[in-house]
Amino acid sequence: MSVVTVQLGQCGNQVGQELFDIICSDAQEGQRKTYSAASCERFFHQTAQGDLVARALLVDMEPKVINRSMSMAAKSGRWSYGASSHFSQKQGSGNNWANGYCVHGPCHRDAVEELVRREVERCDRLAGLIAMMSVAGGTGSGVGTYVTQCLRDIYPSSFILNHLTWPYGTGEVIVQNYNSVLTLAHLYQLSDAILVHENDTVHRICSRLLNIKHISFSDVNRVIAHQLGSILQPALTADSHGAYSRNPLGEKGQTLLTPAVVDRRLHTHGELVSALACHPEYKLLSLCTIPQMASSSIAYSTFSWPGLLKHLRQMLISNTKMEEGIDWQVRPPADSGRSRSLTGGSFNTSLANLLILRGKDVYSAETGGIDDPALYTSWLPSKEAFSLWKSPVPFNKYEKSATLVSNSQALLRPLDDMVGKVWNMFASRAYVHQYIKFGISEEDFLDSFTSLEQVISSYSQLC
Amino acid sequence: MTQSVVVQVGQCGNQAGCRFWDLALREHAHVNKRGLYDEALNSFFRNVDSRKSDGAEFAVGGRIQHLKARAVLVDMEEGVVNQILQGPLREVFDSTQLLTDVSGSGNNWAVGNMTYGSAYREKIVDKLRKAAEQCDCLQCFFLIHSMGGGTGSGLGTRVLSLLEEEFPEVCRVVTSIYPSGEDDVITSPYNSVLAMNKLTEHADCVLLVENQSLVDIVNKIKVMSHGTKPGLNIKRNSAVTSGQGGLSGAEKPFDAMNNIVANLLLNITSSARFEGSLNMDLNEIAMNLVPFPRLHYLVPSLTPLYTLADINVPTRRLDQMFSDAFSKDHQLIQADPKHSLYLACALMVRGNVQVSDVRRNIERLRPSLPFVSWNQEGWKTSLCSVPPVGHSHSLLALANNTCVKPTFMELRERFTKLYRKKAHLHHYLHVEGMEQSFFSEAIASLNSLIEEYHHLDATKARLTPDAPRLSIAR
């Protein structure tokens with residue numbers, strides 16, 4: 001089963017290129033025939049000459065980044081993008097969501113849909129679609145939202161996962177909060193799940209864990225790609241009987257509350273989307289991967305599954321997004337003491353979690369207490385709330401690595417901050433004229449703010 | 001890739017424009033080693049076959065044959081344009097791009113705007129249209145002019161309103177050179193205020209440059225280069241005032257000052273022309289820096305002003321570059337933004353600078369810079385990997401800051417001094433089409449602009465409460 005990726009805007013294209021690069025080198029390493037075959041089938045199609053071509057589209061409103069991404073891929077010598085699998089215009093979206101969504105999107109709808117169709121037709125079976133974009137700019141956010149809408153229209157029964165990169169809190173684009181809020185509000189209606197990386201967090205990983213002195217966007221993008229690769233690469237589930245899970249994204253037709261139930265006839269397998277985003281009000285996913293360290297240190301380190309899992313569990317409940325400065329004081333509250341406030345208590349309640357373990361001796365690894373019901377909200381049975389995938393193949397040079405994809409309160413604070421700032425800016429109507437110029441109204445802004453306040457409220461109430 | 005067209009009006013506009021083309025060629029020669037006509041060159045130049053009389057154009061990708069600037073040169077006297085056509089840049093322009101007359105505007109805005117504006121309307125629109133048609137995807141018009149005289153100020157603003165009329169979708173970025181207090185043109189306050197009214201109405205954004213600041217920077221560099229401290233020699237072609245390495249030979253007066261303006265334009269467009277890890281197109285400038293339509297006056301500052309010839313550039317120097325961008329000495333108007341209120345700020349970085357360097361410096365400088373309450377993290381950053389000639393990295397900061405208020409207030413004062421006595425007014429009112437209401441409208445517009453900045457300033461000390469949130473019932 002194959003996944004088609006749509007890369008949108010500068011960030012989407014830059015991160016996408018790093019992702020395919022990591023997936024390709026991971027797939028081609030060593031003699032892991034079934035793993036390689038599954039991975040290649042999922043993300044690449046093979047030409048008559050045996051060359052790997054990514055199942056991806058590159059979309060941007062100006063050509064510089066696409067050109068760069070395509071040439072970097074070709075330079076790798078191991079894989080490339082399809083020569084005609086891209087769409088660009090001459091002039092960008094000017095950091096304006098409304099320009100992307102109302103003008104560029106509809107204008108180029110047919111061309112982009114044609115490209116998507118062609119790519120999907122090359123797949124034997126479509127597992128789902130991934131749209132990669134940032135939320136701060138104009139193309140990724142605006143055109144990305146419009147394209148997601150088109151994908152939803154054309155493929156109503158396929159999984160759509162949106163991977164979003166949230167900008168640095170201290171600004172890359174002045175109107176980033178407007179663009180982010182408009183995007184998130186719309187995507188909540190269209191997407192099956194929204195997987196988020198925050199630039200601030202990834203930046204800290206680069207400086208504290210990877211010890212990179214002068215961090216560039218390539219460094220940041222490579223970390224994001226590593227984390228994404230660790231969830232998208234093939235893995236085995238308890239019920240897949242040694243075959244790599246066919247659909248990493250999910251299986252439609254599963255009822256909301258029984259995502260992990262085995263149905264041997266259908267060869268059900270791990271479901272990223274249906275396991276985690278099982279309720280329409282809760283679609284925000286975050287992830288963390290450990291270990292992350294400078295490649296020079298990897299050779300000198302040893303890892304144990306119990307050790308890794310213990311850290312990961314504490315990172316989850318204390319909402320620490322990297323393996324440093326973990327607050328070991330935070331504990332799951334006793335049954336009676338479940339608090340419902342945003343700020344009260346630093347315990348991070350989860351709705352659902354997916355744990356993915358890769359590497360040596362993985363079969364001996366246990367769940368590390370991450371399936372403990374105390375970590376989850378009371379209204380979802382923990383059996384449905386927790387899923388576990390394993391792969392004996394070490395990923396990207398780490399002998400053992402563990403990734404946790406969570407639907408929890410982890411993104412609540414950053415989201416709340418973003419919405420707070422947006423209200424402040426909107427109160428003075430600053431920059432609003434720039435958006436109205438392209439066709440959205442003050443009502444549209446208010447509708448988006450309201451939707452997100454709803455999401456914030458839902459997540460705050462989790463206990 | 002998009003193209004931009006430069007429209008230079010008047011003596012100052014054409015002299016500064018001329019320096020821009022010289023330095024642009026120098027920059028591209030530096031970067032473009034293989035002599036291919038690439039996308040970056042395409043943004044400002046056409047590539048024509050000079051043997052054919054119709055000047056057929058070559059597409060991107062081939063060798064450079066003959067570069068022609070995407071420009072329109074307008075002046076109501078012939079001296080400056082003739083000089084350009086006799087100088088080494090003559091090959092870069094062809095006669096269809098020029099519009100000249102003989103007698104000049106006599107430092108009279110009304111003559112420039114009304115008399116010549118009407119007489120040459122057709123011709124001007126014609127030439128602009130031709131330049132626009134030669135572009136695949138025209139993104140921006142750059143207008144360069146001065147405010148104090150007659151042609152640049154009067155005809156220049158007429159051209160600006162024509163640009164809005166004929167090409168409403170295309171961004172209009174105006175570089176306006178404001179006169180210093182001791183300007184030798186007595187009527188410069190009238191011309192400037194009349195022109196400002198048009199700028200407020202028709203420009204998308206205005207890059208403010210004051211003559212006095214250019215003079216100060218030039219002097220500062222002169223002092224550095226004549227200093228006798230050992231090990232402190234400036235790399236000759238790196239000074240922001242230097243034209244060395246370009247086509248023109250000996251420096252003419254005002255060249256040093258005009259080179260600063262030329263560098264400003266080169267740096268603003270660098271991220272749109274060359275690649276980088278965080279690109280910034282020209283349409284993003286207005287989007288991010290103009291929160292309210294009329295408040296589109298931006299204060300530029302350029303660093304570094306020069307590079308020392310000694311090798312090692314430790315990281316401390318990089319951080320120094322960021323600090324300098326906010327110091328009084330590097331601003332292109334006589335103002336101190338650190339003590340006024342920032343509405344928004346853009347940092348356009350060129351060269352080998354990474355996102356972590358920018359983040360570190362923003363965090364470091366942020367506490368000392370007052371930002372308006374609703375835009376506390378109002379930074380727009382861009383990273384272009386190609387540095388300017390003679391430097392390993394550079395920074396252009398564009399600020400929308402209330403420090404322009406004193407500049408505008410001074411201008412208003414100089415205007416009022418003359419207007420109260422009705423001094424020289426008859427020269428203007430005699431011009432056909434000109435009425436006293438133009439003056440009263442212009443000063444009213446300036447007053448309300450100053451008021452708006454004043455309101456924002458007042459919020460500075462006040463602690464504004466957070467806007468109310470929606471509470472969702474459960």
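What to note about this one:
- Annotation for A:A427 and B:S95: the two label points, set 7 Å from Cα along the Cα-Cβ direction, are 6.4 nm apart.
- Estimated translational D of the protein assembly as shown in µm²/s (Stokes, Kirkwood radius over Cα pairs; 37 °C; 0.692 mPa s): 110 µm²/s
- Computed from the alpha carbon atoms alone, the convex hull of the range A:1-121 holds 102 Å³ per residue.
- Of all DSSP beta bridges confined to chain B, the antiparallel ones make up roughly 40%.
- 3J(HN,Hα) from dihedral phi, the range B:321-338, Karplus parametrisation 6.51/-1.76/1.60, rounded to Hz, x for glycine, proline: 4, 5, 4, 4, 4, 9, 8, 4, 5, 9, 6, 8, 10, 7, 8, 10, x, 4
- Fraction of antiparallel bridges per DSSP, the protein assembly as shown only, in percent to nearest 5: 35 percent
- Karplus (6.51, -1.76, 1.60) ³J(HN,Hα), θ = phi - 60°, over the range B:26-39, in Hz, Gly and Pro reported as x: 4, 5, 5, 4, 5, 8, 9, 7, 9, x, 9, 7, 9, 4
- Kirkwood analysis of the Cα pair distances in the range A:78-187 returns a hydrodynamic radius of 14.7 Å.
- Built amide H within the under 5 Å cut-off of A:F44, gap 5+: A:R55
- For A:I215, the residues 5 or more places off, or on other chains, whose built amide H falls under 5 Å of its own are B:S356, B:D357.
- Within a straight-line Cα-Cα reach of under 25 Å, B:K222 can be paired with the following lysines, leaving aside sequence neighbours fewer than 8 residues apart in one chain: B:K235, B:K252, B:K328.
- Fewest-first ordering of A:V135, A:V362, A:V143 by other beta carbons within 10 Å of each residue's beta carbon gives A:V362, A:V135, A:V143.
- Distant-in-sequence amide contacts of A:L285, defined by a placed amide H-H separation under 5 Å and a gap of 5 or more residues or a different chain, comprise A:I194, A:L195, A:V196.
- Value in Å of the Kirkwood radius, where the range A:324-457 supplies the Cα pairs that are averaged: 18.4 Å
- Pairs of Cα atoms nearer than 8 Å and 6+ residues apart set the relative contact order; for chain B it is 16 percent.
- Computed about the Cα centre, the dipole magnitude for the range A:343-395 is approximately 180 debye when only Lys and Arg (+1) and Asp and Glu (-1) carry charge, each at its Cβ.
- Note on the range B:378-474: the alpha carbon radius of gyration divided by the globular reference 2.2 N^0.38 Å gives 1.81.
- Partner lysines for A:K400 [C-alpha distance under 27 Å; skip if fewer than 8 residues away on the same chain]: A:K33, A:K213, A:K310, A:K321, A:K360, A:K383, A:K390
- Pairwise FRET efficiency - B:S225 versus B:E182, Cβ, R0 = 22 Å, nearest 0.05: 0.30
- For A:S157 and B:E133, the FRET efficiency from 1/(1 + (r/R0)^6), where r spans their Cβ atoms and R0 equals 51 Å, is about 0.60.
- Length released on extending from B:S368 to B:R34, taking residue separation times 0.36 nm less the Cα-Cα span: 115.7 nm
- Three-way shape label, chain A, alpha-carbon gyration tensor, a/c 1.5: rounded
- The range B:326-443 - Rg over Rh from alpha carbon coordinates, Kirkwood radius: 1.17
- Helical content of chain B, expressed as a calculated mean residue ellipticity at 222 nm, amounts to -12000 deg cm²/dmol (DSSP H runs of 4 or more residues, -39,500 (n - 2.57) each, divided by residue number, nearest 500).
- Annotation: lysines with alpha-carbon distance below 19 angstrom to B:K417 (same-chain offsets under eight excluded): B:K405.
- Volume in Å³ per residue [convex hull over Cα atoms, computed for the range B:408-460]: 69 Å³
- Greater than 32 Å apart at Cα, pairs in B:K198/B:K460; B:K130/B:K422; B:K198/B:K380: B:K130/B:K422
- Efficiency of FRET from Cβ geometry, A:A48 and B:V215, R₀ 51 Å, rounded to 0.05: 0.15
- The range A:140-156 - phi-based ³J(HN,Hα) in whole Hz, Karplus 6.51/-1.76/1.60, Gly and Pro as x: x, 6, x, 5, x, 5, 4, 5, 4, 4, 4, 4, 4, 5, 6, 10, x
- The charge dipole of the protein assembly as shown, taken about its Cα centre with unit charges on the Cβ atoms of Lys, Arg (+1), Asp and Glu (-1) only, comes to about 1800 debye.
- In chain B, the C-alpha radius of gyration followed by the widest Cα-Cα span (Dmax) gives 22.2, 78 angstrom.
- Directionally averaged projected area (the range B:68-191, Cα convex hull): 7.9 nm².
Computed from the coordinates by the stated procedures, all read-outs in this text should not be read as laboratory data. These figures come from a predicted structure and were not determined experimentally. Cβ coordinates were reconstructed from backbone atoms using ideal geometry, including for glycine residues, and neighbour counts include every protein chain displayed.
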